[in-house]
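These notes concern the structure reproduced below.
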Amino acid sequence: MILAGDVGGTKCNLALFSEKDGKLTSVFRQRFRSKDFAQFDLIAKEFARQAATHLAGEKIEAAGFGIAGPVINNRVRATNLPWTIDAAVLSQELNVQHIVLLNDLGAWGHSIEYLDPKQFLVLNEGVAEPGGTRGLLAAGTGLGESLLAWDGKRYRVIPSEGGHSDFAPHTEQQIELLRFMKRRYPQVSWELILSGRGFRTLHEFLSPTVKHATFDDPDADPAPEITKNALNKTCPVCVETLDLWTDIYGAEAGNLALKVLALGGVYVAGGIAVKILDKMKDGKFFQAFKDKWHFEHLLKNMPVSVILDENAPQLGAAYEALRLLKG
């Protein structure tokens, strides 16, 4: 049995997988609210307790976890949570010898080879170069970015913290947005915009007077209300907010594609893209993606897809744990 998890600032999705002839099948899943626990160890132990009935006498032989934060020496200080996750500590707590910690984008990236074609939405067909470098980005609680490099046998995920690099506006309106945000933050990163919290910021930039119910609740997340209003076209400011957010997301995806020369394609992951799928499909994202002057032709030929399976990081982490177990 393999234990795997996708550990984020909002939620932790854990799963138990059985293995047969090198193929993993999920047998039990559970979701936990991250902020309900003081440390990730407690979530892992609680999941192991709940999963006991599904083990059928078998032992968890290896575990893999994708975590939002840089992995250094199999140890992670979570980016959006006051947690430090250490593989050695988890090994003792769970009584599991083989544990691998991955950046959350690493878990997404390692899942790509194991997903069914139906679990991708193609935004641009393009022509993938065999063995070409791939770009991967995922907006959710934060913004993750990574690249996948072919080593002759398989793709290896190269971690990055590109989501925390400086936001680069590419329209007059976005220049004004940068000025607006500079009054609030010492550094304006892509993540401050391309994450759940970015929707309210953009809404307030576009119209400081129009407010919604969730704006007055300090515990509420306005993003679902804003995006729902936008998709239903019940609030003009919300519509404009989603348009602007999608335009900026597409532009940064194009930036990543150029930086890593993603001739193998670009993959868009994370919870937000799936929730605004109609908007992702309407052409605005890809238009901003390829709007790079002399390099438009190059970008028009790059495949761009959205990963639809939100459980994909668990699968990727599980296969990396299996790889560690098999040596």
When you scan the range 148-162, do you find a residue that is surrounded by fewer than 23 Cβ atoms within 10 Å (Cβ to Cβ) and at positive phi, even just one?
yes
Checking Phe215 against (1) under 19 Å from Thr10 (Cα atoms); (2) out of contact with any Pro (no Cβ under 8 Å at 6 or more places or on another chain), which test does it fail?
(2)
Which residue pairs have Cβ atoms closer than 6 Å, lie 6 or more positions apart in sequence or on different chains, and pair a first residue in the range 283-301 that is under 13 Å from Ala251 (Cβ atoms) with a second residue that is of a type outside the set (A, V, I, L, M) and assigned to a loop (DSSP other than H, G, I, E, B)?
Leu299/Lys292
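Look through the range 24-42, keep the residues that are of a type in the set (A, V, I, L, M) and not in a helix (DSSP H, G or I), and return whichever of them is surrounded by the most Cβ atoms within 10 Å (Cβ to Cβ). It would help to see each step written out before you state the result.
Step one: of the range 24-42, the residues of a type in the set (A, V, I, L, M) are 24, 27, 38, 42.
Restricting the remaining residues to those that are not in a helix (DSSP H, G or I) gives 24, 27, 38.
Working: Leu24: 20, Val27: 15, Ala38: 10.
In this case the residue turns out to be Leu24.
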Tell me which of these Ile158 doesn't satisfy, since it passes every other one: (1) assigned to a helix (DSSP H, G or I); (2) without any contact (Cβ under 8 Å) to a residue 24 or more places away in the chain.
(1)
Gly69 fails exactly one of the following numbered conditions: (1) assigned to a loop (DSSP other than H, G, I, E, B); (2) out of contact with any strand residue (DSSP E or B) (no Cβ under 8 Å at 6 or more places or on another chain); (3) modelled with pLDDT under 95. What is the number of that condition?
(2)
Single condition Ser91 does not satisfy, out of (1) among the polar types (S, T, N, Q); (2) part of a helix (DSSP H, G or I); (3) in contact with a Leu (Cβ under 7 Å, 6 or more places away or on another chain)
(3)
Ala15, sole failed condition from (1) in contact with a Lys or Arg (Cβ under 7 Å, 6 or more places away or on another chain); (2) at pLDDT 90 or above; (3) surrounded by fewer than 19 Cβ atoms within 10 Å (Cβ to Cβ)
(3)
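So in the range 263-308, with the set limited to residues that are outside any helix (DSSP H, G or I) and more than 20 Å from the chain's Cα centre (by Cα), which one is nearest to Ile226 (Cα to Cα)?
Per the stated criteria, the residue is Asp282.
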Of all residues in the range 241-272 being among the β-branched types (Val, Ile, Thr) and within 15 Å of Val306 (Cβ to Cβ), which is surrounded by the fewest Cβ atoms within 10 Å (Cβ to Cβ)?
Thr246
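Looking only at the range 225-258, which residues are at negative phi and without any contact (Cβ under 8 Å) to a residue 12 or more places away in the chain?
From the range 225-258, those at negative phi are 225-232, 234-258; that's our starting set.
Scanning the range 225-258 gives Lys228, Asn232, Thr234, Pro236, Val239.
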Scanning the range 314-326 residue by residue, those touching a Gly at 6+ places or on another chain (Cβ under 8 Å) and either surrounded by fewer than 21 Cβ atoms within 10 Å (Cβ to Cβ) or within 19 Å of Ala253 (Cβ to Cβ) (or both) turn out to be Leu324
Would the range 32-52 turn up any residue that is touching a helix residue (DSSP H, G or I) at 6+ places or on another chain (Cβ under 7 Å), farther than 15 Å from Leu14 by Cα and not acidic (Asp, Glu)?
no
State yes or no: is Ala51 more than 21 Å from the chain's Cα centre (by Cα), surrounded by 15 or more Cβ atoms within 10 Å (Cβ to Cβ) and not aromatic (Phe, Trp, Tyr)?
yes
Restricting attention to the range 104-147, which residues are surrounded by fewer than 24 Cβ atoms within 10 Å (Cβ to Cβ), part of a strand (DSSP E or B) and not aliphatic (A, V, I, L, M)?
Phe120, Asn124
For Lys45, indicate whether it is part of a loop (DSSP other than H, G, I, E, B) and either in the same structural domain as Val96 (by TED's automatic domain parsing) or surrounded by fewer than 19 Cβ atoms within 10 Å (Cβ to Cβ) (or both).
no
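The values are calculated or read from the model by the stated rules, or taken from the named source; none is laboratory data. A quick note: this is a predicted structure, and the numbers were derived from the prediction, not measured. Positions of Cβ are generated from backbone atoms using ideal geometry, with glycine treated the same way; all protein chains shown enter the neighbour counts.
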